Amino acid sequence: MDGDIPHHHEHDDMVGGHAHHTHASGISESRRVKIEQAILAKNNHFAQRNRHYLAKQGIFMLNLVSSPGSGKTTILVETIKALQSEIPIAVIEGDQQTDQDAMRIRTTGVPALQINTGKGCHLDAHMVGHAMEKLDLRNNSLLFVENVGNLVCPAAFDLGEAHKVVILSVTEGEDKPLKYPDMFHVADVMLLNKCDLLPYLSFNVSCALDYAYRINPALKVIQISATEGNGLQQWIDWLKSGYQQAVPNVMVEKAAF
Ligand SMILES: Nc1nc2c(ncn2[C@@H]2O[C@H](COP(=O)(O)OP(=O)(O)OP(=O)(O)O)[C@@H](O)[C@H]2O)c(=O)[nH]1
Ligand SMILES: [Mg+2]
């Protein structure tokens, strides 16, 4: 998709809050909006197809989004270790280059498929649909998608997931929800990660939560440390509860309702 149609985020026509009428590439503002709408409509079509397939197979899919390095893969590895004996799990990894994250996931024994987006800065529903076919997914399972590290573009692309989960790590600063509101608006859950580092930082947790709730009052926030394990049980309970609702015919232990 990125190959044939100029992509919306490749433009830089909002400077100081003022939209220029013509982009440097020569594309007018109205043409740019039409292209964006066409891209998103096409994506939404594939997202609906994915969602329909997932519902039919009883697969609970989550889309993990964040800036680079906030801890997505670390969280996934720890989550898989905690849940894989109870629920079949698979992972789709998105990065511009390398299959390092898929390899990290495979060390747990869970199948993982790496998508390389090249210059693309997000996964789209078409790519994910293909990856789902290749993974040979089990019915009544949990499917994680780790999106390309980027707090902007992945917000606009529905992949067919049940929920977007945004990860904010405490090393990134409290202001990220205000600066990148779309991402915090479309997410249902925020994992505040690397809380083990709080004693060494000036990061103000209540300020960050205040900003996040300003953007999305319904956001479910869980404070965790993926490396130390703090808060992970609350995240696992939330996952089990969501899985149980998506896949009601299978019982898991200790699901929190
Ligand atoms: N102190 C601390 N470090 C963490 C925590 N979670 C992740 N890290 C570290 O943060 C770094 C990045 O973690 P990743 O899991 O690779 O982050 P990611 O979001 O998957 O990164 P990309 O896929 O590149 O966007 C690694 O060095 C992790 O060990 C945490 O809870 N506490
Ligand atoms: Mg990663």
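Things to note:
- Matching entry among Gly129, Gly109 (being of a type outside the set (Ser, Thr, Tyr) and on the phi > 0 side of the Ramachandran plot): Gly109
- Filter result for Leu191 (within 11 Å of ligand 1 (Cβ to nearest atom), surrounded by 23 or more Cβ atoms within 10 Å (Cβ to Cβ) and modelled with pLDDT of 95 or more): yes
- Selection count where residues are among the small types (Gly, Ala, Ser) and either touching a His at 6+ places or on another chain (Cβ under 7 Å) or over 15 Å from Val145 (Cβ atoms) (or both), scope the stretch 70-94: 4
- Listed by position, the helices (runs of 4 or more DSSP H) contained in the stretch 56-173 that have at least 1 residues being within 16 Å of ligand 2 (Cβ to nearest atom) and under 20 Å from Gln223 (Cβ atoms) are 72-83.
- From the list Gln100, Gln84, the one residue that fits, being away from ligand 1 (no atom under 12 Å from the Cβ) and of a type outside the set (A, V, I, L, M), is Gln84.
- Residues of the stretch 194-229 that are in contact with a helix residue (DSSP H, G or I) (Cβ under 6 Å, 6 or more places away or on another chain), in a loop (DSSP other than H, G, I, E, B), of a type outside the set (A, V, I, L, M) and within 16 Å of ligand 1 (Cβ to nearest atom): Lys194, Phe203, Ser225, Glu228.
The values are calculated or read from the model by the stated rules, or taken from the named source; none is laboratory data. The shown structure was predicted, so the numbers you read here are calculated from the model rather than taken from an experiment. Please note: Cβ atoms are built from the backbone with ideal geometry, for glycine as well, and neighbour counts cover all protein chains shown.
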